[in-house]
Amino acid sequence: MKKFALVYILVGLLTTARAQELNCQVTINSDQLIAQQKTDFSYVNQLKGIITEFMNTRRWSNDQFTTQERINCSLNINLVKSLTQGAFEATAQIIVTRPVYGTSYETTVFSYVDRSFSFFYLPTTPVFFRENQYTDDLTSMLAFYANLIMAVDYDTFSKRGGSLFVQRAFTIATLADGVPTSNIGWKAGGDRRNRYWLIENMQNQQLTPFRDAMYTYHRQGLDIFGANPVQMRKQTLDLLSNIRTISQQFPYSALLSVFFDAKGQELYNIMFEGTPAERKRAFDLLSFLDPSKTELYRKLVTT
């Protein structure tokens, strides 16, 4: 078993049921598209089912999962424009959560908005992914994010536990980058927070301390928070100090930006119960690392 082996071993003995790894909730919003173009795009409704099946019924690892162990995640696609039939410009938000041991709380591990989620789809278009081969943007993006979801989840349960999936996602991105007609999200010359830079950061050996910190924060911090909140706050301050060091080397890191998108509110909640000195230290670090949420973090020293 991958997670909390001592907890789930009885479940594994009591049931022979096995599940795929992902529990991905898919939504597709075409309101903006229809409002702009006054065209019938009803056929995209079937795409929701196709993507859901692609993400949730394909095996992404050789590990055995029970239904309770499936990784909760969501893929929310917003169709923005269609210049020609079947060619869609879109954005997508990917969110990954995982349970915190001994609680009913689910923590957000990963939250990312892909602003270049453009693809081609018609009812006759096959949605079929082939390993080590670029077929089209849609299947490549879905497989890329499935592996990324696996990677970030596994990294929280064992140190660098997601490395295999990081490598697979990197291979998908590299193959797509080599195709001149693939969308800009795969290209190094695009947005510094696009798919290329996201997986480059996860693959970058100089950023492995961040991945190690994700394990420490979740497995040795959040998972014991109920029993030892003092230790959790210490872990959080250590994490933020380490991230500050990393940010000085990689000031525009996509990986760090995504982290604070997912964790900003949670970090604030954890540190709010700290001592005045801890709250002041947390504010200094958080407002420096995540200035867009400075007003939220300011409450640490004004409330």
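What about residue 48, is it under 21 Å from residue 183 (Cβ atoms), of a type in the set (Lys, Arg) and touching a residue at least 24 places away in the same chain (Cβ under 8 Å)? The answer is no for residue 48. Close contacts from segment 128-157, counting a first residue that is closer than 18 Å to residue 207 by Cβ and a second that is modelled with pLDDT of 95 or more and of a type in the set (Ser, Thr, Tyr), with Cβ to Cβ under 8 Å and a gap of 6+ residues or different chains, come to 151/163. When the helices (runs of 4 or more DSSP H) confined to segment 198-303 are screened for residues that are under 30 Å from residue 186 (Cβ atoms), those reaching at least 1 such residues are found at 208-219, 229-249, 254-272, 276-289. More than 19 Å from residue 51 (Cα to Cα) and not acidic (Asp, Glu): does that describe residue 144? No: the conditions fail for residue 144. Among the strands (runs of 3 or more DSSP E) confined to segment 22-121, the ones with at least 3 residues that are touching a Leu at 6+ places or on another chain (Cβ under 9 Å), closer than 25 Å to residue 184 by Cβ and not acidic (Asp, Glu) are located at 22-29, 71-84, 87-99. Just wondering, is there one or more residues in segment 95-113 that are closer than 20 Å to residue 22 by Cα and small (Gly, Ala, Ser)? Yes, because at least one residue in segment 95-113 is closer than 20 Å to residue 22 by Cα and small (Gly, Ala, Ser).
In this structure, residue 118 does not qualify as over 20 Å from residue 263 (Cα atoms), out of contact with any strand residue (DSSP E or B) (no Cβ under 8 Å at 6 or more places or on another chain), crowded, with 19+ Cβ neighbours inside 10 Å and hydroxyl-bearing (Ser, Thr, Tyr). Scanning segment 169-227 for residues that are surrounded by 17 or more Cβ atoms within 10 Å (Cβ to Cβ) and among the small types (Gly, Ala, Ser) turns up 169, 173, 176, 182, 185, 213, 221.
Set side by side, the residues 224, 172, 246, 184 differ, and just one is among the β-branched types (Val, Ile, Thr) and within 24 Å of residue 21 (Cβ to Cβ), which is 172.
Go through segment 56-79 and give me each residue that's under 14 Å from residue 97 (Cα atoms), of a type outside the set (D, E, K, R) and modelled with pLDDT under 95. 68 - this is the single residue of segment 56-79 that is under 14 Å from residue 97 (Cα atoms), of a type outside the set (D, E, K, R) and modelled with pLDDT under 95. In segment 184-213, what residues are charged (D, E, K, R) and either touching a strand residue (DSSP E or B) at 6+ places or on another chain (Cβ under 8 Å) or within 16 Å of residue 153 (Cα to Cα) (or both)? Within segment 184-213, 195, 211, 212 meet the criteria.
Checking segment 256-272 against the condition returns no match, with no residue being among the hydroxyl-bearing types (Ser, Thr, Tyr) and exposed (fewer than 15 other Cβ atoms within 10 Å of the Cβ).
Restricting segment 108-150 to residues that are of a type in the set (Asp, Glu) and over 17 Å from the mean Cα position of the chain (by Cα) leaves a set whose member that is modelled with the lowest pLDDT is 131.
The values are calculated or read from the model by the stated rules, or taken from the named source; none is laboratory data. Please read these numbers as outputs of a predicted model, since none were measured by experiment. We place every Cβ from the backbone using ideal geometry, glycine too, and count neighbours over all the protein chains shown.
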